[in-house]
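The values are calculated or read from the model by the stated rules, or taken from the named source; none is laboratory data. Small disclaimer: the values here were computed from a predicted structure and weren't measured. FYI the Cβ positions are ideal-geometry reconstructions off the backbone, even for glycines, and counts take in every protein chain you see. Note: accessible area is taken over every heavy atom of the protein model, side chains too, but ligands, DNA and RNA are not part of it. Shrake-Rupley method; radii C 1.70, N 1.55, O 1.52, S 1.80 Å.
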Amino acid sequence: MRIVKVLGGLGNQMFQFALYKALQKQYPEERVLLDLHCFNGYHKHRGFEIDSVFGVTYEKATLKEVASLAYPYPNYQCWRIGSRILPVRKTMLKEEPNFTLEPSALSLPDSTYYDGYWQHEEYFMHIREEILSTYAFPAFDDERNKTTAQLAASTNSCSIHIRRGDYLTDPLRKGTTNGNYVIAAIKEMQQEVKPEKWLVFSDDIAWCQQHLASTLDATNTIYIDWNTGANSIHDMHLMALCRHHIIANSSFSWWGAWLSQQDGITIAPSNWMNLKDVCSPVPDNWIKI
């Protein structure tokens with residue numbers, strides 16, 4: 001039996017579920033389960049949503065099953081406290097604090113509990129086609145998205161994701177990317193591939209319109225501000241339809257770029273997090289600036 005703990009926003013859930021799928025593929029005769037108990041009392045983001053978004057199926061671990069391999073935290077608060085003071089059990093694979101790649105993740109013996117985010121394509125790149133099938137986006141349900149999707153897919157398009165909001169104050173993210181990174185990435189993209197259409201995604205579109213006005217041609221730029229709440233998945237879908245990508249240090253736009261099936265360029269920030277020796281999840285074939 002193998003159990004993968006799931007926690008975080010949709011992008012992080014997608015990384016953890018991708019590891020789950022890779023383990024299922026690697027060990028078809030074993031039970032691979034998800035531990036979702038930490039979503040009890042978890043008020044960030046929109047809770048566990050990967051099933052409602054993508055219609056995936058999975059087997060959920062009971063607390064008794066979790067207890068056989070790890071500490072059976074019944075809710076988020078218990079996990080926050082316990083994970084800081086209790087030692088790692090022998091049956092647990094806990095990701096390193098700097099998120100380095102764990103090469104043994106797919107080769108450990110049976111009876112392992114996986115505690116981490118697993119934000120590296122090396123864990124699941126070998127089953128890319130299955131991951132693409134698993135993360136099949138829901139159909140667009142309004143004309144604006146349908147029209148924008150057509151433009152994204154049929155032109156030499158580039159998505160730009162700018163994350164502000166909590167990144168302005170979060171100690172791990174504050175100052176990691178700013179307007180300078182975005183402008184530099186746009187200039188690099190203009191020099192490399194000369195995009196015909198720019199699709200801008202952000203939690204602060206007004207800021208983007210103000211700060212990108214002198215860099216992007218307004219007639220070739222679409223600011224996506226209508227997909228909110230549960231419909232935010234449509235933003236990731238539109239990103240994936242673009243040929244090229246400028247991502248934020250965000251798992252959401254990481255997946256928007258990785259799920260793209262066009263042969264394009266992706267630019268990512270070289271500074272992923274304010275953490276010493278942090279291991280970036282950016283693939284080797286993406287450009288870091």
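Annotations
- Residue check for residue 137: aromatic (Phe, Trp, Tyr), closer than 24 Å to residue 231 by Cα and open to solvent by 30 Å² or more (accessible area, probe 1.4 Å): yes
- Comparison of 90, 94, 146 shows that the only residue that is under 22 Å from the mean Cα position of the chain (by Cα), among the basic types (Lys, Arg) and open to solvent by 40 Å² or more (accessible area, probe 1.4 Å) is 94.
- Per-region count, the stretch 21-43, residues closer than 22 Å to residue 253 by Cβ and without any contact (Cβ under 8 Å) to a residue 60 or more places away in the chain: 0
- Subset of the stretch 152-173 [within 15 Å of residue 236 (Cα to Cα) and part of a helix (DSSP H, G or I)]: 152, 153
- Count of the stretch 23-53 residues which are open to solvent by 50 Å² or more (accessible area, probe 1.4 Å) and either hydroxyl-bearing (Ser, Thr, Tyr) or not assigned by the TED database to the domain that holds residue 115 (or both): 1
- Taken across the stretch 262-276, residues that are without any contact (Cβ under 8 Å) to a residue 24 or more places away in the chain, under 18 Å from the mean Cα position of the chain (by Cα) and surrounded by 21 or more Cβ atoms within 10 Å (Cβ to Cβ) do occur, with at least one present.
- Filtered residues of the stretch 112-126 (kept if closer than 21 Å to residue 29 by Cα and either not assigned by the TED database to the domain that holds residue 35 or not in a helix (DSSP H, G or I) (or both)): 112, 113, 114, 124
- Close pairs (7 angstrom Cβ cut-off, 6 or more residues apart or separate chains): closer than 22 Å to residue 221 by Cα in the stretch 160-180, modelled with pLDDT under 70 anywhere: none
- Restricting the stretch 44-78 to residues that are touching a Phe, Trp or Tyr at 6+ places or on another chain (Cβ under 6 Å) and in contact (Cβ under 8 Å) with a residue 60 or more places away in the chain, the residue that is farthest from residue 9 (Cα to Cα): 69
- Test: residue 233 is surrounded by 15 or more Cβ atoms within 10 Å (Cβ to Cβ), under 25 Å from residue 283 (Cα atoms) and of a type outside the set (Lys, Arg): yes
- The conditions of being in a helix (DSSP H, G or I) and either in the same structural domain as residue 19 (by the TED database) or open to solvent by less than 60 Å² (accessible area, probe 1.4 Å) (or both) are met by residue 132.
- Residues of the stretch 76-87 that turn out to be open to solvent by 50 Å² or more (accessible area, probe 1.4 Å) and within 26 Å of the chain's Cα centre (by Cα), as a count: 5
- Number of the exception - residue 205 against (1) more than 19 Å from the chain's Cα centre (by Cα); (2) free of Cβ contacts under 8 Å to residues at least 40 places away in the same chain; (3) open to solvent by 30 Å² or more (accessible area, probe 1.4 Å): (3)
- Test for residue 115: is it farther than 20 Å from residue 54 by Cα, at pLDDT 95 or above and among the acidic types (Asp, Glu): yes
- Test: residue in the stretch 168-182 that is modelled with pLDDT under 95, open to solvent by 70 Å² or more (accessible area, probe 1.4 Å) and in contact with a helix residue (DSSP H, G or I) (Cβ under 8 Å, 6 or more places away or on another chain): yes
- The lone exception for residue 187 - which of (1) loosely packed, with under 15 Cβ neighbours inside 10 Å; (2) closer than 28 Å to residue 54 by Cα it fails: (2)
- Close contacts from the stretch 225-238, counting a first residue that is more than 25 Å from residue 132 (Cβ to Cβ) and a second that is assigned to a helix (DSSP H, G or I), with Cβ to Cβ under 7 Å and a gap of 6+ residues or different chains, come to 225/205; 226/144.
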